[in-house]
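See structure below.
The values are calculated or read from the model by the stated rules, or taken from the named source; none is laboratory data. Everything quoted here is computed from the prediction, not taken from an experiment. Note: ideal-geometry Cβ built from the backbone for every residue, glycine included; neighbour counts use all protein chains shown. Heavy atoms of the whole protein, side chains included, go into the accessibility calculation; ligands, DNA and RNA do not. Shrake-Rupley method; radii C 1.70, N 1.55, O 1.52, S 1.80 Å.
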Amino acid sequence: MPLPQSDPALVVRSTRIQDPGDLVSLIPDDAEAPVSWLRDGDGFVGWGTAAAIQTHGTARFDDAERWWSGVVRDAVVRSEVDLPGAGLIAVGSFAFAAASPAGGVLHVPETVVGRHHDVCWLTTVGTAAHLPTTPALAAGSGADAPVIADVRDGALSDNQWTEAVGAAVERIQSGALDKVVMARDVVVTSSTDIDPRHILRNLSGAYPNTWTYSVDGLIGATPEMLVRRQKGLVTSRVLAGTIRRTGDDEHDLALAASLARSSKDLEEHEYAVRSVADALSPHCSSMNVPESPFVLHLPNVMHLATDVAGVLHEDVSSLTLAASLHPSAAVCGTPTLAARDLIAELEQMDRGRYAGPVGWLDATGDGEWGIALRCGALESPSQIRLFAGCGIVAGSEPAAELSESDAKLVPMRQALGCGS
């Protein structure tokens, strides 16, 4: 199938502006296709659609990359700001599985408002026939909380899911594979429309050290940076191995120490780090892979974390790097093909874009791609499907994994106002 043409060429203007305050509040009440990528108050929000493509199947990344190359080639860009997220950018998200009808999307917003280290900018995108206009930036009327009507199991009940985890452990213990990531879903229905701004405001406020994102109805706050490319340097934050926080600081410190010594969690983490390092190494002239993980403290859980870094030896975009890394052992398993097959057999659901790459790239190929975790996918204006997954190894206990998955559902449940 031929790809859509990038004609008419885009006209892009980025200008420096005074700090507009809270970025989420700037998304208009009637915004079409709102997007966000925020961490610690920095990042950007956007709305409107200047250009977009949807892709499917095994070629979903390659087709998006080819389309973006055409958009960049033809665009006229004038930018006063040389910072990550300024100028011409596209935001995107991609399905975990090639067979998923969710496919992939790259989307160029008509309006973007960003902040990076106290420098703020406004980007507007149009065409030669319809030059971009400067919108009046003002806080919207506010986003009402949804009125939650129902929270129900998705594809599997709690008991069915723990049975599936038990089956996965048996398969691992038989030697069929080393690790598999098992996910589950929960469906939340509201009697009123679910406003993405309400979720984004709550997530960015409660989890400032994560990347809060909104792309094509996929909304979440991921702690895991799949890959960042910036001026020839590439980094990836790997998370695998989790323990739930109690709220008691002294007890949580003890739990963090036990996590750092847990042979089960260290084994799970090692598989994830190795898969990322192996995928990045062909693109890098040198790499730094720490020998031991650190413990990342989030409000609801703690993770074993490792930051992998490298120096690129070729001009390969952040999207291509994300595609080469997906799926890592942190969201799929080891070996990859065996884990994929077992996921398809036992989960009994379509993950959609959950656990796939989500993020952005610019005209130079720089960008940031997280893994779509701690998220929900809007299925209608009043229904959202939440996802959470756990890494399963030979020593995993199904009941403990269910508890861990509940902890990973907390951010979205709290953001929606449907419990913890």
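Listed values, structure above:
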| read-out | value |
| --- | --- |
| Gained length - L253 relative to T133, 0.36 nm times residue gap less alpha-carbon distance | 38.0 nm |
| With every protein chain in place, the range 318-420: carbon and sulfur % of accessible area (1.4 Å) | 50 |
| Integer Hz, Karplus 6.51/-1.76/1.60 couplings in order for the range 194-204, x for Gly and Pro | 8, 8, x, 5, 5, 5, 4, 4, 5, 5, 5 |
| I194 accessible area, assembled protein chains, probe 1.4 Å, Å² | 10 |
| Amide proton proximity set for A75, modelled H, under 5 Å, gap of 5+ | L10 |
| Cα gyration tensor category, rounded, prolate or oblate, for the range 207-296 with a/c compared to 1.5 | oblate |
| Kirkwood Rh and Cα Rg combined as Rg over Rh, evaluated for the range 330-418 | 1.01 |
| Fraction in percent of alpha-carbon pairs per bin - 5 Å, the range 160-265 | 2, 8, 10, 14, 17, 18, 16, 10, 4, 1 |
| Under 5 Å, built H, 5+ apart or other chain: amide partners of D350 | none |
| Potential extension, E379-H116 segment - 0.36 nm per residue separation minus Cα distance | 91.4 nm |
| Label-point gap, in nm, between Q230 and A149 - each point 7 angstrom along Cα→Cβ | 4.5 |
| At q = 0.15 Å⁻¹, base-10 log of I(q)/I(0) for the range 1-104 (Debye sum, equal scatterers on each alpha carbon) | -0.78 |
| Gained length - D40 relative to T246, 0.36 nm times residue gap less alpha-carbon distance | 71.8 nm |
| Hits among lysines - C-alpha to C-alpha of K408 under 24 Å, sequence gap 8 or more where chains match | K179, K264 |
| Protein-only accessible surface order, largest first, of H251, H198 at 1.4 Å | H251, H198 |
| Under 5 Å, built H, 5+ apart or other chain: amide partners of K179 | T334 |
| Whole-number D in µm²/s for the chain (Stokes-Einstein; Kirkwood sum over Cα pairs; 20 °C, 1.002 mPa s) | 99 |
| HN-Hα J in Hz across the range 306-317 - Karplus 6.51, -1.76, 1.60, θ = phi - 60°, x for Gly and Pro | 9, 9, 9, 9, x, 10, 5, 10, 9, 8, 10, 6 |
| From phi via Karplus (6.51, -1.76, 1.60), per-residue ³J(HN,Hα) for the range 391-401 in Hz, x at Gly/Pro | x, 10, 10, 4, x, 6, 10, x, 5, 5, 5 |
| With Cα atoms, 0 to 90° folded angle of helix 263-280 axis to the chain main axis | 40 |
| For the range 377-391 and the range 69-145, distance of Cα centres in Å | 24 |
| Whole-number accessible area per residue in Å² for the range 184-325, which is evaluated in the context of all protein chains at 1.4 Å | 39 |
